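Report on one structure; see the data block that follows.
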Amino acid sequence: FVDEAHVADEWGNDKLRPVYRELGELRTWCGYGVPIWACTVTARTSTFNLIWKTLRFGSQPFWGIDIGADHPNPYFHTRIFKSIDNPVLDALNLLPSDIDDSTMHEEIPKCLFYFDSENACRVAVDTLCKCLLNHLRDCVFHFSSDISERGKQRCWNDFSSGTIRIICATDAAGIGCSVPDVQYSVIFGLPSSLAVVIQRWGHA
């Protein structure tokens, strides 16, 4: 199974992840008799063609299933930054307006805040923690590729259970994210493609 197969297109030309374009080497090891599944929700024609070529489909029977990507619930809204130097300040209105010592973790809406760099994630976490009272600061966490696999799993577990309420993340958070009750997915900055918007937006 190759999940999130679109990253072969989105990230495969990245200097850090060129190996994504070499997944076809799996055929050398397992042969063409072993089925390979490629799953994604954002496969525009060019991405589909690249996945087809990368995974060397075409030499054996192929079945494709397109179930669509309709998300009837999310509402997409754009706005201009007021706080350019620290844009997460523009999202403080998503927090309860009357936070005090009696405010519980559950009163903070579940949010995924997407940034383009790991440093921006850390700055956002630091800012949010300064805006929250001490007993609520552990409900904010950053998620990026430099976290250990164990740390990533713990982050998702705590986010799913509700201990963590806000994750400040790079696109790494979209890989394996399956949390059904995310209330807000906020994208800071201009995404590199429409596919990135759909991936980030689709987690709300």
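For region 45-57, enumerate the residues that are of a type outside the set (S, T, N, Q) and surrounded by fewer than 15 Cβ atoms within 10 Å (Cβ to Cβ). Walk me through it before giving the result.
Our first condition is that a residue be of a type outside the set (S, T, N, Q); within region 45-57, this holds for 48, 50-53, 55-57.
Across region 45-57, the qualifying residue is only LYS53.
Of these, ASP146, ASP126, ASP158, which one is over 24 Å from GLU4 (Cβ atoms) and either among the acidic types (Asp, Glu) or in contact with a Leu (Cβ under 6 Å, 6 or more places away or on another chain) (or both)? Don't jump to the end; show me each part of the working.
Working: ASP146 fails: over 24 Å from GLU4 (Cβ atoms); ASP158 fails: over 24 Å from GLU4 (Cβ atoms).
From the options ASP146, ASP126, ASP158, the qualifying one is ASP126.
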TODO: Determine which single condition ASN86 fails, assuming it passes every other condition in (1) of a type outside the set (Ser, Thr, Tyr); (2) over 19 Å from the mean Cα position of the chain (by Cα); (3) closer than 22 Å to CYS155 by Cβ.
DONE: (3)
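Any residue that is among the hydroxyl-bearing types (Ser, Thr, Tyr), buried (at least 16 other Cβ atoms within 10 Å of the Cβ) and at pLDDT below 80 - is there at least one of those in region 58-78? If you could, list the steps in order and put the result at the bottom.
Pass one, region 58-78, residues among the hydroxyl-bearing types (Ser, Thr, Tyr): 59, 75, 78.
Cutting the leftovers down to buried (at least 16 other Cβ atoms within 10 Å of the Cβ) gives us none.
The answer is no, given that none of the residues of region 58-78 is among the hydroxyl-bearing types (Ser, Thr, Tyr), buried (at least 16 other Cβ atoms within 10 Å of the Cβ) and at pLDDT below 80.
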Task: Per-region count, region 75-123, residues more than 26 Å from PRO180 (Cβ to Cβ) and touching a Cys at 6+ places or on another chain (Cβ under 9 Å) - done: 4
TODO: Would you mind telling me which numbered condition in (1) within 20 Å of the chain's Cα centre (by Cα); (2) modelled with pLDDT under 90 ALA124 fails?
DONE: (2)
Open item on the list: If a residue must be under 19 Å from PRO87 (Cα atoms) and in a loop (DSSP other than H, G, I, E, B), how many such residues does region 129-155 contain?
Closed with: 2
Open item on the list: Can you pull out every residue in region 86-128 that is free of Cβ contacts under 8 Å to residues at least 24 places away in the same chain, assigned to a helix (DSSP H, G or I) and among the aliphatic types (A, V, I, L, M)?
Closed with: none
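Being surrounded by 10 or more Cβ atoms within 10 Å (Cβ to Cβ), at pLDDT 80 or above, of a type in the set (Val, Ile, Thr) and assigned by TED's automatic domain parsing to the domain that holds ASN134 is the requirement here; does ILE36 meet it? Quick ask: steps written out before the conclusion?
Working: surrounded by 10 or more Cβ atoms within 10 Å (Cβ to Cβ): yes; at pLDDT 80 or above: yes; of a type in the set (Val, Ile, Thr): yes; assigned by TED's automatic domain parsing to the domain that holds ASN134: no.
Judged against the criteria, ILE36 is not a match.
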TODO: Could you list all residues from region 110-156 that are of a type in the set (Asp, Glu) and more than 10 Å from ALA169 (Cβ to Cβ)?
DONE: ASP116, ASP126, ASP138, ASP146, GLU149
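For region 179-204, which residues satisfy the criterion of being among the aliphatic types (A, V, I, L, M) and either in contact with a Gly (Cβ under 6 Å, 6 or more places away or on another chain) or modelled with pLDDT under 80 (or both)? Reasoning before the result, please.
Just the residues of region 179-204 that are among the aliphatic types (A, V, I, L, M), to begin with: 179, 182, 186-187, 190, 194-198, 204.
Passing the criteria: VAL179, LEU190, LEU194, ALA195, VAL196, VAL197, ILE198, ALA204.
The values are calculated or read from the model by the stated rules, or taken from the named source; none is laboratory data. Values in this document were obtained by computation on a predicted structure and should not be read as measured data. Cβ: placed from backbone, ideal geometry, glycine included. Neighbour counts: every protein chain shown.
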